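*Asks:* One structure follows; several queries about it will come next.
All of the numbers you see were taken from the coordinates with simple rules; none came from a lab. Remember, predicted model here, so these are calculated numbers, not experimental data. Please note: Cβ atoms are built from the backbone with ideal geometry, for glycine as well, and neighbour counts cover all protein chains shown.
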Amino acid sequence: MADVNSKRVSQFLQKCVKPEDKGGETRPKEEVTEEPALPLVPQSYPRTVQEEISMVFNTYNMAAANLGPSSRRKREKGGGQEGTSTALYVDRRKSKVWNYYTKLGDAYVECNVCKKQLSFHNSTTTMREHLVRKHSIRDTLLSQLKDDQTSESDYVAQENAAKRSRQTTPESSLYHAASCSEPRTDVILELVLEMIFRDLHPLSVVKDKGFGLLIGYLEPNFTLPSPVQLSSMLWHRYNVVKQHLERYLQTAQAIVVCVEFWVSQLNQTYLTVTANFIDGEWRRARCVMETQQAHEDKAEESDLGEKLSAVLSEFGLSSKSIFCVMHDSPQSTAANSQQLKNVYGWSSLCCAARTLHLCIKAGLEVEQVQEALSTARGIVRYFQQDAKATCSLNSKLEAINKTKLKLVMDVGSRWITTIEMCESLLDLKWAIMSVLEEHPKGTAAVQNLADHQWKLLQDLVPVMRTIKIATSFLREEQNASVSSLMPCIHGIIAAIGQQSEESGAVIKTVVNNIRSELTQRWGLSEDEKVLESPAVIASFLDPRFKEMRFLSPSLRSELHKRVKNMLSQVFNHQSPSATQFWMPNLDYKAEGGDAGSQLSAHKDRCSSAPSQSMYDILLGKDPTESMPEIHQQLENYIVEPLCKRSTNPLDWWKNNEHRFPAVARLSRQYLAVPATAVLPDQAFAAGESTLEHRRAVLAPENLDQILFLHQNFDFLESMRNSSETRNRTMH
């Protein structure tokens, strides 16, 4: 194998590096290596997913983020084993990319393979990407070239010389910097860019004085890039990752699109489109596709389908690849959801966090509750603004070693903060009343809660706490799917109903309002809506909730029939290759190679069998013989024992897919639907997340690229790491 590789390299060098030896031929052939080109058509997963992720991270080496001297030496010692010569991070030694290029002045280079001229800005990133994408010349081939290679001892000597240069005169420092300025400059440039999209910084951070002082101290001879230069690098990185993500998305069986509406600090409304699906290894994938401005003066929901179709087309996806749309738009109506269903064939769901917020808001709008909450906010505001009252409160808490208790002010857009405010007031009730009585101006400056209002808050907290427990359940990793939602909603309705039985009239009104909203917004009173809801079907396909205890026996029976019909429809529309996937247990021995002929042979054998046996006369016909394979799988799945609530349904299906392949295919589709349009930790958080805070200050012209790389780079890295761990375990 080594001889073959050496021969290929030798042939390539004769074609590219010295074209004049070929009788004056100046333009070598486009195919410069026998290495296969990047796949243009997605293959069947999981192979394609692993190949694409591996290709991304052989091109963009994440390990170079830790650029300490020791980690750099380890990375460069690894040679071609981990793809260390990458487009993202240029080797500190002389780059081997120059074997394929001729420099034309200070601003341009020419490819020796296709004679295309590229702009050059002291970085070989674009040059490497050109070799990979246009000529399939990857880093494994580059690592085999012996030209311009430096030994490890020479590299260590350069490291030591660079360290000594910082301790000598400025003249000698400039000299040593010139000897290896290009590779180190490339590394720092790429790290600055990565800092921007990983930590959601604006491009203008390079103009900040503090950042300039830090870089100047660490690397005195480094010139910070301008925001314009960073924008160009950002755009290049975005396009490359987008191409790989496009291939990755095309391996998905069914995609769930999530739409999040949010507002920046400049009061500009944006919508972020995210793709969710379950890949071939039963891993939950979440990729940001695009972020664009939305105009509130227009009916956003009316053209939401058009916007999503445009985003899909940019990734080479059709509307048929979308299974469901999850959104958190406050303007969502049943008519808009029906339009998405009729025009595009997409099911539509509203974010569970958004819907739950609207339900609780309706419950808290009871007049007596609003008065008590308004008075409670006044008390919290008084202690926040009056320093003497705060000191008196803290001293009382110190006396009983309860200094950790603090008053909390609620936020109207986050109902969880309302319960936190009520809980903090009840915990500090005695201290608050004591401070207000001791300070003559206290009772005049702020109105205290009356006894019946304190009692009202005390009765309200258990109801709100029950709903908060439900959100904690939905925030757990194994409950991210919408399959956990319906059992949770029915549990809330039952639990708060029992709590209100022993409460006063006001709390009963609050509970009735919440229960009514929950029933209406999720269509729990309409049997047809319940049976068509993706959330209900997903619960049935979750091995923890497949008994569907929250449904009546008649609805459960009807749901089973509908799922059977769904399986039959999908089975009838499968291609011959997919038919084998649906019926893996049939051992066909027909000479015909395609599954269609095998299926016909199977039917012929069945038809030639005796129509009735003696046992059929005695016991009746065996129902399993006439039952299609996919229906038998469903029956077997139904009688399967329930899983523990802590079980991750994706792990269960990964281990049992071979037993119920048809049902597993449907489960991969429905379990991909998340309960919330954003991550649960963000959806049910009491405060603003780091992502929400930092993205709100980004400039509109770079916002899409930064958010795209921020989300997808970390996601692809986690996929790559899990794949490598699995491979090591298998070997």
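*Asks:* Assigning unit charges at the beta carbon (Lys, Arg +1; Asp, Glu -1) and nothing else, what dipole magnitude in debye, to the nearest 20, does the stretch 218-372 show about its Cα centre?
*Replies:* 620
*Asks:* Shifting gears a bit: Compute for the stretch 634-719: radius of gyration divided by Kirkwood radius, i.e. Rg/Rh, restricted to C-alpha atoms, rounded to two decimals.
*Replies:* Dividing the radius of gyration by the Kirkwood radius yields 1.13.
*Asks:* Still on this structure: On a 30 Å Cα-Cα criterion, which of the cross-link pairs Lys242/Lys307; Lys455/Lys644; Lys207/Lys406; Lys96/Lys116; Lys134/Lys209; Lys320/Lys546 come out too long? Intermediate results must be reported in sequence, preceding the final value.
*Replies:* Values: Lys242/Lys307 18 Å; Lys455/Lys644 39 Å; Lys207/Lys406 40 Å; Lys96/Lys116 18 Å; Lys134/Lys209 41 Å; Lys320/Lys546 28 Å.
From the list (Lys242/Lys307; Lys455/Lys644; Lys207/Lys406; Lys96/Lys116; Lys134/Lys209; Lys320/Lys546), the Cα-Cα distance tops 30 Å for Lys455/Lys644; Lys207/Lys406; Lys134/Lys209.
*Asks:* Would you mind calculating the gained length between Lys320 and Gln632 on full extension (0.36 nm times residue separation, minus the Cα-Cα distance), in nm to one decimal?
*Replies:* Contour length minus the Cα-Cα distance gives 109.5 nm.
*Asks:* Towards the positive end of the charge dipole of the stretch 463-530, with charges on Cβ (+1 Lys, Arg; -1 Asp, Glu), say which of Val463, Ala495, Val530 has the farthest Cα.
*Replies:* Selected residue: Val463.
*Asks:* What percent of all Cα-Cα pairs in the stretch 227-285 falls into each 10 Å bin, going from 0 up to the bin containing the maximum distance?
*Replies:* 18, 31, 36, 14, 1
*Asks:* Then there's this: As an exercise, use a Förster radius of 25 Å and the Cβ-Cβ distance of Arg283 and Ser309 to find the FRET efficiency, rounded to the nearest 0.05.
*Replies:* It comes out at approximately 0.40.
*Asks:* For labels at Glu692 and Gln243 in the simple 7 Å Cα→Cβ model, what's the distance in nm?
*Replies:* 3.8
*Asks:* While we're here: Projected onto the charge dipole of the stretch 624-717 (+1 at Lys/Arg Cβ, -1 at Asp/Glu Cβ, origin at the Cα centre), which of Asn656, Val697, Phe715 gives the Cα projection farthest towards the positive end?
*Replies:* Asn656
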